[in-house]
1. Can you tell me which residue in the stretch 30-58 is modelled with the lowest pLDDT, limited to those that are more than 20 Å from Ala17 (Cα to Cα) and part of a strand (DSSP E or B)?
2. What number of residues within the stretch 11-41 are surrounded by 14 or more Cβ atoms within 10 Å (Cβ to Cβ) and within 13 Å of the chain's Cα centre (by Cα)?
3. So Asp8 fits all but one of (1) exposed (fewer than 13 other Cβ atoms within 10 Å of the Cβ); (2) touching a strand residue (DSSP E or B) at 6+ places or on another chain (Cβ under 9 Å); (3) modelled with pLDDT under 80; what number is the exception?
4. Select from the stretch 25-59 the residues that are touching a residue at least 12 places away in the same chain (Cβ under 8 Å) and in contact with a His (Cβ under 9 Å, 6 or more places away or on another chain) and list them in ascending order.
5. Being aliphatic (A, V, I, L, M), at pLDDT below 85, under 10 Å from the mean Cα position of the chain (by Cα) and loosely packed, with under 13 Cβ neighbours inside 10 Å: is that true of Ala67 here?
6. Got a number for residues in the stretch 1-29 being part of a strand (DSSP E or B) and either polar (S, T, N, Q) or in contact with an Asp or Glu (Cβ under 9 Å, 6 or more places away or on another chain) (or both)?
7. Just to be sure I understand the filter: pairs with C-beta atoms under 6 Å, separated by 6 or more residues or on different chains, first member in the stretch 5-24 and over 17 Å from Gly43 (Cβ atoms), second member of a type in the set (Val, Ile, Thr) and surrounded by 11 or more Cβ atoms within 10 Å (Cβ to Cβ). Which pairs pass?
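The values are calculated or read from the model by the stated rules, or taken from the named source; none is laboratory data. Please read all numbers here as calculations on a predicted model, not as lab measurements. Glycine gets a Cβ as well: all are built from the backbone with ideal geometry, and neighbour counts include every protein chain shown.
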Amino acid sequence: MNAVDLQDLRRIAAAVARLRGETVRDVTARSDLRQLKVELESGLILVVSAEKDEQNRPHLEVDVVEAPPPATARQQIEVRFD
């Protein structure tokens, strides 16, 4: 294992560690099974992707992101005309 692989594993472990104690709300897999999306009750989303790099080697990506706020929750400026 080279240093880049070890850094990837540390980044993945840190991302997954954020999910301790979370409750899963929904899980979706792409039809080609290259991506898995796990939605959590807190609004966090775990995305696991499997791709091939330029040398045709498998590459695993794991990210934890926050769900975008709903469109109705956009902040608006209130202006009163008296």
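1. Pro58
2. Count: 9.
3. Answer for Asp8: the failing condition is (1).
4. Answer for the stretch 25-59, where residues must be touching a residue at least 12 places away in the same chain (Cβ under 8 Å) and in contact with a His (Cβ under 9 Å, 6 or more places away or on another chain): Ser49, Ala50, Glu51.
5. When the stated conditions are applied, Ala67 passes them.
6. 5
7. Ile12/Val62
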